[in-house]
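Notes for the one structure printed next.
The values are calculated or read from the model by the stated rules, or taken from the named source; none is laboratory data. From a predicted model like this one, the values you see are computed outputs, not experimental measurements. No Cβ is skipped: glycine too gets one built from the backbone with ideal geometry, and neighbour counts run over all protein chains shown.
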């Protein structure tokens, strides 16, 4: 994803100082947290608890799990993810890479899902790669916690 | 945490020499007879025989030493601790996700125990195309036999779980023969957690067999230590420079964290991709441009089926039934053949396999207990349009595999999706979902067949994974055709042996662990003879 750097330069008009890295000291920046919370709400729509407070708690609990997942990634993967999240955190990046007009916090589930679909069906490899990265990180982080296993009907490992 | 014995912790208490990480500081310099890079399938076999020959052996492992007390059957712990890149290593275009081990025991600590000798077809191809005249069934048979004995490989006599039996039943309805897979287990509890490290020590991985034997005989093991570069001079390896690494593979920034190991002979067994990468970083001689090329993956495509009955694909021994039918429906150098197996499913791997989002994904996820998955291992390396990939280095020296998924390979993938779908409907599936971004669940073979014929079989849109990394330092009988001589020694570096899956000139066409054990067994016995004059056997 050296393509991300190239895209960043083109879109930001070379003013890469404007791009806040998505990872700071190996953890999601506030902007990156907004991206993931919004994306997760859309991806996990139908899987998250229905009751609003429980749903919000589940999303809040997801962020530290994503941090843990990211911290375990090798340096090259952290660097790429940091660039991707940084780019998605800018208005230009969000519109061109994600295809989302409203900002992450105020976008509705339907709007984010439309954006995800546009990434998923894009002819640009970078958009499809980015969609898959977001999808896989959200899924892996969410279902790594035992509290989510009842929705899967998974009883957990046998105690030995 | 189980209350069962932990042979690794017992060994440490007995005084095993283990350094690195929490086990104690590494010295700046070590001198020994043989340095082994890696601790997986090839490294373990090599370490045991060399230590038994009385040689002073140092084993260098980039991952941590984890054992049964640590194996809690939880993916969130296992993937970051035991796998390369947290089980998320990808090819350069991100189209293939590679599962490969990174811990003591290597991929053998996290594999699914499937034991197959190298198919005769594959060996014949090596003899003919790579001038490997002594790689015959008959010549290798005793070495396979010894490995099977040493690692308790045998028929698995417990009834297959439903996820596997569905393959057998569906195939049978179509007149396709399927058979049981032999496994390297002793006293297996039939849990299904092999991929997270065996919590009962039943799986006879290198972690609980050859590495302990070598350590009991006085070998030294460095963990959380990565071999960065060989120092080369006069056609020989002089030393290997190693650094301490953090759990995520980042170098530990410290002036005192470099260890130089000087040895008479070096055994490179870091696994495909990593072995080639170390040689690239070392600027090893490569006069014919073979290094890193022809790296193979058995690219895997998958098909999920929703059954009326409970499947519970997380429970019970994984991968106990297979069919090689589709390897034989065309010549080995014709359209790509594939081997069918049924992988285990656990929550995290399931969630990242199920495509889509929102209500559609939620509906699939809720069907987890009823979900049966088949996988197809595509046999790469036998056709010019399936020539595998090339290992390259990033700016930070880390390895990346550039593996283009050609139209030829993707045509094989389409045929594999069709074959799996037909078997799943024959087994009574209510719905079948090929793992592809544009697919949706299909309610009948007629509907699904038409849909899959029309799918855009592009990389990224098609979910492709790999659990078998092979090649990149291929064996060949002539210098121009490979990196490694038939006796396992590097063509240009006289005291460097390569004893891992990177030496395969093509993919194996079967799960590769036993191919590595058997072939490396022969290579190491030859090395022991040359270094010490002794005749040793593995069992």
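At a glance:
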{"quantity": "Residue in segment B:75-94 that is surrounded by 20 or more Cβ atoms within 10 Å (Cβ to Cβ), in contact (Cβ under 8 Å) with a residue 24 or more places away in the chain and over 20 Å from the mean Cα position of the chain (by Cα) present", "calculated": "yes"}
{"quantity": "Residue within segment A:93-109 that is at pLDDT 95 or above, at the interface with another protein chain (Cβ under 9 Å from one of its Cβ atoms) and either surrounded by fewer than 17 Cβ atoms within 10 Å (Cβ to Cβ) or closer than 19 Å to residue B:354 by Cα (or both) present", "calculated": "yes"}
{"quantity": "Evaluation of residue B:331 against (1) within 23 Å of the chain's Cα centre (by Cα); (2) in a loop (DSSP other than H, G, I, E, B) (one fails), failing number", "calculated": "(1)"}
{"quantity": "Selected residue (only one of B:76, B:47, B:43, B:35 is outside any loop (DSSP other than H, G, I, E, B) and in contact with a helix residue (DSSP H, G or I) (Cβ under 6 Å, 6 or more places away or on another chain))", "calculated": "B:47"}
{"quantity": "The listed residue being in the same structural domain as residue B:97 (by TED's automatic domain parsing) and under 12 Å from residue B:35 (Cβ atoms), out of B:268, B:280", "calculated": "B:268"}
{"quantity": "Yes/no for residue B:54 being more than 25 Å from residue A:140 (Cβ to Cβ) and within 16 Å of the chain's Cα centre (by Cα)", "calculated": "no"}
{"quantity": "Flag for residue A:147 being more than 9 Å from chain B (Cβ to nearest Cβ) and in contact (Cβ under 8 Å) with a residue 24 or more places away in the chain", "calculated": "yes"}
{"quantity": "Residue B:335 vs. criteria buried (at least 24 other Cβ atoms within 10 Å of the Cβ), out of contact with any strand residue (DSSP E or B) (no Cβ under 8 Å at 6 or more places or on another chain), under 27 Å from residue B:401 (Cβ atoms) and in contact (Cβ under 8 Å) with a residue 12 or more places away in the chain", "calculated": "no"}
{"quantity": "Complete set of residues in segment A:42-65 that are within 12 Å of another protein chain (Cβ to nearest Cβ) and closer than 21 Å to residue A:103 by Cα", "calculated": "A:42, A:43, A:44, A:45"}
{"quantity": "Residue A:106, sole failed condition from (1) under 18 Å from residue A:38 (Cα atoms); (2) touching a helix residue (DSSP H, G or I) at 6+ places or on another chain (Cβ under 8 Å); (3) without any contact (Cβ under 8 Å) to a residue 12 or more places away in the chain", "calculated": "(2)"}
{"quantity": "Cβ-Cβ under 6 Å pairs, at least 6 apart or on other chains, segment B:382-403 side within 14 Å of chain A (Cβ to nearest Cβ) and buried (at least 21 other Cβ atoms within 10 Å of the Cβ), far side in a loop (DSSP other than H, G, I, E, B) and at pLDDT 95 or above", "calculated": "B:399/B:273; B:401/B:91; B:401/B:273"}
{"quantity": "Among the candidates B:344, B:369, residue that is closer than 30 Å to residue B:317 by Cβ, touching a helix residue (DSSP H, G or I) at 6+ places or on another chain (Cβ under 7 Å) and within 14 Å of another protein chain (Cβ to nearest Cβ)", "calculated": "B:344"}
{"quantity": "Verdict on residue B:465 being within 14 Å of chain A (Cβ to nearest Cβ), touching a residue at least 40 places away in the same chain (Cβ under 8 Å), over 24 Å from residue B:321 (Cβ atoms) and within 22 Å of the chain's Cα centre (by Cα)", "calculated": "no"}
{"quantity": "Any helices (runs of 4 or more DSSP H) falling wholly within segment A:106-160 and containing at least 1 residues that are in contact with a strand residue (DSSP E or B) (Cβ under 9 Å, 6 or more places away or on another chain)", "calculated": "A:125-142"}
{"quantity": "Residue A:116 vs. criteria more than 9 Å from chain B (Cβ to nearest Cβ), surrounded by 15 or more Cβ atoms within 10 Å (Cβ to Cβ) and touching a residue at least 12 places away in the same chain (Cβ under 8 Å)", "calculated": "no"}
{"quantity": "Count - residues of segment B:11-32 that are assigned to a helix (DSSP H, G or I) and farther than 24 Å from residue B:241 by Cβ", "calculated": "4"}
{"quantity": "Evaluation of residue B:241 against (1) more than 22 Å from residue B:399 (Cβ to Cβ); (2) in contact with a strand residue (DSSP E or B) (Cβ under 7 Å, 6 or more places away or on another chain); (3) in the same structural domain as residue B:65 (by TED's automatic domain parsing) (one fails), failing number", "calculated": "(1)"}
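Residue-wise test of (1) touching a residue at least 60 places away in the same chain (Cβ under 8 Å); (2) surrounded by fewer than 19 Cβ atoms within 10 Å (Cβ to Cβ).
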residue	(1), (2)
B:230	yes, no
B:235	yes, yes
B:240	yes, no
B:251	no, yes
B:273	yes, no
B:290	yes, no
B:293	yes, no
B:298	yes, no
